[in-house]
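The values are calculated or read from the model by the stated rules, or taken from the named source; none is laboratory data. Not measured: the values here are computed from a predicted model. A quick note on method: Cβ atoms are made from the backbone with ideal geometry, for glycine too, and the neighbour counts reach across all protein chains shown.
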Number of protein chains: 2
Amino acid sequence: MPESSLSGGDTALVVVVLVISLAALAFAAYLVKAVMAADQGTVRMREIALAVQEGAAAFLRRQFRTLGFFAVVVFLLLLVLPVADGGWETRIGRAIFFLVGALFSAAVGFIGMTLATRANVRVAAAANAGGYLPSFRTAYRTGGVVGMITIGLGLFGAALVLLLFDETAPIVLEGFGFGGALLAMFMRVGGGIFTKAADVGADLVGKVEAGIPEDDPRNAATIADNVGDNVGDCAGMAADLFESYAVTLVAALILGQVFFGSVGMVFPLMIAAIGVIASIVGVLATRPAKTDASGMAPINRGFFTSAAVSLVLVAAASFIYLPSISGGVDMEVSPQVLGFVAVLIGVVLAAAIQQLTGYFTETSRKPVKDIGRSSLTGPATVILSGISLGLESAVYAALLIGGAVYGAFLIGGAAALYAVALAGCGLLTTAGVIVAMDTFGPVSDNAQGIAEMSGDIDEEGARVLTDLDAVGNTTKAITKGIAIATAVLAATALFGSYNAQLELALEDAGDTAGATLQEAFSLVNPNNVVGAIIGAAVVFFFSGLAISAVSRAAGRVVFEVREQFRTKPGIMDYSEKPDYGAVVDICTKDSLRELATPGLLAVLAPVAVGFGLGFGPLAAYLVGAIAAGTLMAVFLSNSGGAWDNAKKMVEDGAYGGKGSEAHAATVIGDTVGDPFKDTAGPAINPLIKVMNLVALIIAPAVVSLSVGEGANTTLRVLVALAAVAVVVAAVVVSKRRSVVVGGADAVPTGDRLTTSAP
Amino acid sequence: MPESSLSGGDTALVVVVLVISLAALAFAAYLVKAVMAADQGTVRMREIALAVQEGAAAFLRRQFRTLGFFAVVVFLLLLVLPVADGGWETRIGRAIFFLVGALFSAAVGFIGMTLATRANVRVAAAANAGGYLPSFRTAYRTGGVVGMITIGLGLFGAALVLLLFDETAPIVLEGFGFGGALLAMFMRVGGGIFTKAADVGADLVGKVEAGIPEDDPRNAATIADNVGDNVGDCAGMAADLFESYAVTLVAALILGQVFFGSVGMVFPLMIAAIGVIASIVGVLATRPAKTDASGMAPINRGFFTSAAVSLVLVAAASFIYLPSISGGVDMEVSPQVLGFVAVLIGVVLAAAIQQLTGYFTETSRKPVKDIGRSSLTGPATVILSGISLGLESAVYAALLIGGAVYGAFLIGGAAALYAVALAGCGLLTTAGVIVAMDTFGPVSDNAQGIAEMSGDIDEEGARVLTDLDAVGNTTKAITKGIAIATAVLAATALFGSYNAQLELALEDAGDTAGATLQEAFSLVNPNNVVGAIIGAAVVFFFSGLAISAVSRAAGRVVFEVREQFRTKPGIMDYSEKPDYGAVVDICTKDSLRELATPGLLAVLAPVAVGFGLGFGPLAAYLVGAIAAGTLMAVFLSNSGGAWDNAKKMVEDGAYGGKGSEAHAATVIGDTVGDPFKDTAGPAINPLIKVMNLVALIIAPAVVSLSVGEGANTTLRVLVALAAVAVVVAAVVVSKRRSVVVGGADAVPTGDRLTTSAP
């Protein structure tokens, strides 16, 4: 075993990393200033922006209150649960850093969203006044802020834990990663339900029933729709990418310690610090040029610049810092080569996913064109072609991700899991730029909404904003692909940690670890096949719950807007103002209520499997969830993205343009795709990580109740049954309030929502 | 190790089983006579029936020609591939019984379909003349024939192999099961594409474009639609259930030998023989009574009678035949209890799936009602609610199936896999009745089509046929659920065989088997995670390919029918007859062309994974495919079934009835569901089995190229690359002919199909 505590020189290096993480935050502050200095546009624009700001902030405040309670419960549970190695201070450290991780995740989401709701109006104003360049710059810089905060806080947290806890850092890091992932999952689900309930509801009652265009101020759901862009696509996504970053780092540190001790823990932090530098360069390099064919060109330039800088610096770090021969670990290549090639695999994977996602979701490519053409035979063929496209694209993405894991496995030898984790770090060296391009999406979308609603936009400005919005659609799809790739890499790597925890726990329980584990982990055990089936089932269940939550909440939005049209007849001729706040309120309440069931499922399903069936089936459960989750996440994201762009294609004039039958067919496709791509699909990434971390955290408890003196089958089964009971109760309660989108008779009068303004 | 060859007494028992299997065939012959004796209806009915008969027979003939070539290739490969244990005669036996399995599978499909295309008109005639009772009886008896042939041939084949090959029977049985599964998969896919291309095409151009009702004789696609019911729902399904039966028996025999020798092989045959008796009783007990609430009542009665008879006889067989103490196998219970309880688990699982599927797809239950209500807000909400319902129902089905496997695992102790296989046998003791109720579906559907087209039906007769058709929809959904359950049980059990083959092969290669295998099979190896991801990916890919094949073929049907309306203007006022043969021809050619890609994928993907990544990842691949496949199969089948019945609900008058906006919305849902429930979904069952059997068959070759003296990495990788290359080529070729359903411009003139009559 290599020395597992930090050497003196390594401590100094970690301090340097800590400083670099603060530099990322400083650069974020600089960008904020630049964004806020921009012009805020007309009075009407500011009014609308203010309503969006208030709605979004109110939602987040309420969401944090709800989640705060939940976080405290988990905090207490973490204090109770045993750790495999380490005493009380490790256990307390893990619980406290769980809160820190959750707080950071929330902070990234909150800051990102707060800035986005201020940047949107500035982007709109810039489009009017200055045109493409300043508009693009403001939107992208806003993204840059979120990117820098994401990597800054992630790196800061990881480095701090390492300095404070040294050799017990890995266990404390579990808590940090878990806090980030759990909060992110809830924000993804809650924000995702909010945004799509508002969007789908607004479309159904506005475009379909009342025949008024998107973002029309007469539609009471428009403000909620814009709020949704911020709480879902912006806050939820930012928190999600923060946790992807944090959990990947955590996995690399844990495994680094196992295989290479101090050096193994410091190297991932160095890669991440290099990522900060590369991302700053990338953000600064992203500026549109006159010769660009589309808005994607400067964004790609920024990404590839950042990737190139990373690779050069990582190569230098590998060959200077890492040893040229491995001390005792059976490897195919030297640690230097391992370090560099693993990171290279991650960087290449990010680029490959970017290309693949672009191919399947860009308006100019064959797949989206095929869907567009299928609109000529109506909505059914639009749905079918989108679904088969989504299924197929998921396969290619899964093969790319699987190929990356396998590549890391091949070079890694005995340290294969560490190589997989390093590939994850490689995937995220460009995280700063990736987050920046993602946040670009909702900001542009919102800018267009505000401009449209205010009416204060000239033709040239409108064109600029439409272009930015289309670019945003593609960047959003790309980030989802990369996020799910991080989930697979981190989860695969974390198996190493799961294994190590079990070994320690089994030794504690007086068992000869090796044989028991190998037997328990055999793929061909029938109970493990059952575990894998349940793992895949949870992914399907989670997706189904998220989609039906959106349907239910959208139904309520439809009823409310209809009711407003009925009771305020002046809305249609602009003589009365709709009550926007009422719809925001419905979306807020419903999404917070609806996130409970999928959230509890994610946390409690691994508990039920682990305590109920054992640690072997729990590992199989995770494998099943990873396999099905990867495919499902990409399927949902890409089919949704492709439907959205097929609609845009028809709106741009193809097959009869706006108002044609073909348009109606693609609008239906887009509506089906909404909860696919913005609620269920992206939430699978944090879902997988949450389940992996829950498994890691409960592993010692499962072992102590299963093996040796402390074995207690009754208690073990009782815990499992309690977990199942809570999930079943949550499902039953959510069925009870099942209000299917439909006629007015579908709302039971006693259940009518109050419609006070927020 | 128990004695692995048959004892004298056991040989006599197997001969008795053989005789019972012949009795099943004799009972089938008796039922055929009864069906054929019924009245054939009016001249117009006979004319239509004749066209359907000819189209269906022509399709099957061409399909068998295509598949015959493929079967010969596989036959030759089987002669070349090494077997782990046994000499040349075993290898030749396996290859020959591969052909026998394929032939039996084809025969079951062919005979079932031939009879169904003769029974349909008789059912229609009986509805007119005698009403409900004779109509029901003829339809159900037709199903009974198919059921009896299925179990008769399956049992005959298995018993024959055991008598001829004795202790090497398990390896020969692999061939028998593989032949059945491979043929069934192709027939499921080919028939599934045919039936849904015709159905979707007919609906799009008839109901949607021309505004004429379903089964209207002016629609050139109607005969093809009726042919499709027979080649897909009837021939494909019968072959599929035959292979489910055969593969489950094969798995039980293989494992029986491993754990209990002679007794272990004979006991599953006894269960199956008991199943024959129970099924005959069940079929005879299925007769409508005056007091029945619906057509489901007598069918349920038949099923439960059959299940009760089975259980009583199996209990007797277990306690008389099986030993009361296990000889050397470490078990929780006695072999007697093991035998009976495992079969009981299977029978209960069949009943539970029946109830669950009924809940999610019957018109009178909440889920379908919810979908119906969502039609008030348009097609998008119909699609979304159907998808979330499908996802959810898949989870419950997966939990039931997983629970059954786990239950068998718990009682099985060291012989857990055998217990799982016996549960599979239990699931299929009622196979005769299950097949009967399934075949009931397409026969009733066809009878309604013929009656409608001929115009020779009175109101009372039409009502009878509509009722029968609705019952058929539910029974079809139930069978799909049970079929996928057999896939999981058989596949899980076959892991035991996979394991045993590898052990033998590793010993041959001079390796210390135990350690290598346990290491290779560890769930937490990154390469195994990759294997599981690829396994799930193949399920998604296969589903996507099947769905897009239907879209493409349906597109051609639409163009053809449109063209006929244009060139034969007299069609609309009945002065000209459409060319039905042309559409049948298109469906035939297209479905045979389209089945190649998914078929090659199923056979070659495990080859690529096995040779490319190794036998550990191949096992993980199978686990990934089982987990994702179970969920995907039930999801696709149930959402499709629910959409279909939601449409029926609106057609029966809910939410405005026929012609309303709500109706249009549910028609779109039904169209999306068509390839879900009748092409992609049900084909996943044989897919899983084919992949498992391919893995089993290539295992020794993989080992001999990986380990010991014969190790040859270059050759191994070359084989994998060749497999990948063939699949990629097939995908590329099928993309080339990609004709998306859309405007006329979508058909390249050079690619225009000839439209000669069949």
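I'd like the full set of residues that are surrounded by fewer than 24 Cβ atoms within 10 Å (Cβ to Cβ), more than 14 Å from chain B (Cβ to nearest Cβ) and β-branched (Val, Ile, Thr), limited to the range A:202-234.
Once the filter is applied, which keeps residues that are surrounded by fewer than 24 Cβ atoms within 10 Å (Cβ to Cβ), more than 14 Å from chain B (Cβ to nearest Cβ) and β-branched (Val, Ile, Thr), the range A:202-234 yields only A:212.
Give the range A:318-364 a look and list any residue that's of a type in the set (Gly, Ala, Ser) and either surrounded by 20 or more Cβ atoms within 10 Å (Cβ to Cβ) or within 30 Å of residue A:642 (Cα to Cα) (or both), or say none.
A:318, A:326, A:339, A:342, A:346, A:350, A:351, A:352, A:358, A:364
Being of a type outside the set (Gly, Ala, Ser) and more than 30 Å from residue A:543 (Cα to Cα) narrows it down to one residue among B:384, B:391, B:422, B:400; which is it?
Every option except B:422 fails the conditions.
Considering B:570, B:544, B:531, which residue is more than 7 Å from every other protein chain (Cβ to nearest Cβ) and within 33 Å of the chain's Cα centre (by Cα)?
B:531
Restricting attention to the range A:273-299, which residues are touching a Gly at 6+ places or on another chain (Cβ under 9 Å), in a helix (DSSP H, G or I) and more than 17 Å from residue A:21 (Cα to Cα)?
Passing the criteria: A:284, A:285, A:296.
Where the second residue is among the aromatic types (Phe, Trp, Tyr) and crowded, with 24+ Cβ neighbours inside 10 Å and the first is more than 10 Å from chain B (Cβ to nearest Cβ) and lies in the range A:549-561, which pairs have Cβ atoms under 9 Å and are six or more apart or on separate chains?
Correct list of pairs: A:553/A:194.
When both residues are 6+ apart or on different chains and their Cβ atoms are under 7 Å apart, which pairs have a first residue that lies in the range A:533-545 and is more than 16 Å from residue A:676 (Cα to Cα), and a second that is of a type in the set (Ser, Thr, Tyr)?
Listed by first residue and then by second, the contacts come to A:533/B:630; A:534/A:621; A:535/A:621.
Specify which of the listed residues (A:127, A:159) is part of a helix (DSSP H, G or I), touching a Leu at 6+ places or on another chain (Cβ under 8 Å) and at pLDDT below 90.
Answer to the check: A:127.
Of the residues B:42, B:114, which single one is surrounded by 16 or more Cβ atoms within 10 Å (Cβ to Cβ) and under 30 Å from residue B:281 (Cβ atoms)?
On inspection, the qualifying residue turns out to be B:114.
Specify the residue that is surrounded by the most Cβ atoms within 10 Å (Cβ to Cβ); the eligible residues are those in the range B:486-518 that are closer than 30 Å to residue B:365 by Cα and within 11 Å of chain A (Cβ to nearest Cβ).
Out of the qualifying residues, it is B:489.
Hey, could you check the range B:360-373 for residues that are in contact (Cβ under 8 Å) with a residue 24 or more places away in the chain and assigned to a helix (DSSP H, G or I) and say which is nearest to residue A:207 (Cα to Cα)?
Among those residues, the one meeting the criterion is B:373.
Only residues that are at the interface with chain A (Cβ under 9 Å from one of its Cβ atoms) and modelled with pLDDT of 90 or more: list them for the range B:635-661, please.
B:635
Could you please let me know if residue A:469 is under 30 Å from residue A:397 (Cα atoms) and surrounded by fewer than 24 Cβ atoms within 10 Å (Cβ to Cβ)?
In short, yes.
How many residues does the range B:445-485 hold that are among the acidic types (Asp, Glu), assigned to a helix (DSSP H, G or I) and more than 16 Å from residue B:120 (Cα to Cα)?
Summing the residues that are among the acidic types (Asp, Glu), assigned to a helix (DSSP H, G or I) and more than 16 Å from residue B:120 (Cα to Cα) in the range B:445-485 gives 2.
Just one of B:477, B:487 is under 30 Å from residue B:677 (Cα atoms) and modelled with pLDDT under 85; which is it?
Answer to the selection: B:477.
Give me the pairs, please: first residue somewhere in the range A:14-43 and in a loop (DSSP other than H, G, I, E, B), second residue anywhere and buried (at least 22 other Cβ atoms within 10 Å of the Cβ) and of a type in the set (Ser, Thr, Tyr), beta-carbon distance under 6 Å, and either six or more positions apart or on two chains.
Note: pairs meeting the criteria are A:38/A:138.
Of everything in the range A:373-392 that's among the hydroxyl-bearing types (Ser, Thr, Tyr) and at the interface with another protein chain (Cβ under 7 Å from one of its Cβ atoms), which residue is nearest to residue B:674 (Cα to Cα)?
Filtering first and then ranking leaves A:381.
Filter the range B:393-406 down to residues that are buried (at least 24 other Cβ atoms within 10 Å of the Cβ) and either under 22 Å from residue B:667 (Cα atoms) or more than 8 Å from chain A (Cβ to nearest Cβ) (or both), then give me how many there are.
Residues in the range B:393-406 being buried (at least 24 other Cβ atoms within 10 Å of the Cβ) and either under 22 Å from residue B:667 (Cα atoms) or more than 8 Å from chain A (Cβ to nearest Cβ) (or both): 3 in total.
Taking residue A:410 as the residue in question, decide whether it is out of contact with any helix residue (DSSP H, G or I) (no Cβ under 6 Å at 6 or more places or on another chain) and within 12 Å of chain B (Cβ to nearest Cβ).
yes
Considering only the range A:440-462, I want to know if a residue exists there that is more than 21 Å from residue A:43 (Cα to Cα), in contact with a Phe, Trp or Tyr (Cβ under 9 Å, 6 or more places away or on another chain), buried (at least 24 other Cβ atoms within 10 Å of the Cβ) and within 11 Å of chain B (Cβ to nearest Cβ).
Taking every residue of the range A:440-462 in turn, none turns out to be more than 21 Å from residue A:43 (Cα to Cα), in contact with a Phe, Trp or Tyr (Cβ under 9 Å, 6 or more places away or on another chain), buried (at least 24 other Cβ atoms within 10 Å of the Cβ) and within 11 Å of chain B (Cβ to nearest Cβ).
How do the pairs read when you match residues in the range A:673-702 that are on the phi > 0 side of the Ramachandran plot with residues anywhere that are among the charged types (D, E, K, R), using Cβ under 9 Å and keeping only pairs 6 or more apart or on different chains?
Matching pairs, first to second residue: none at all.
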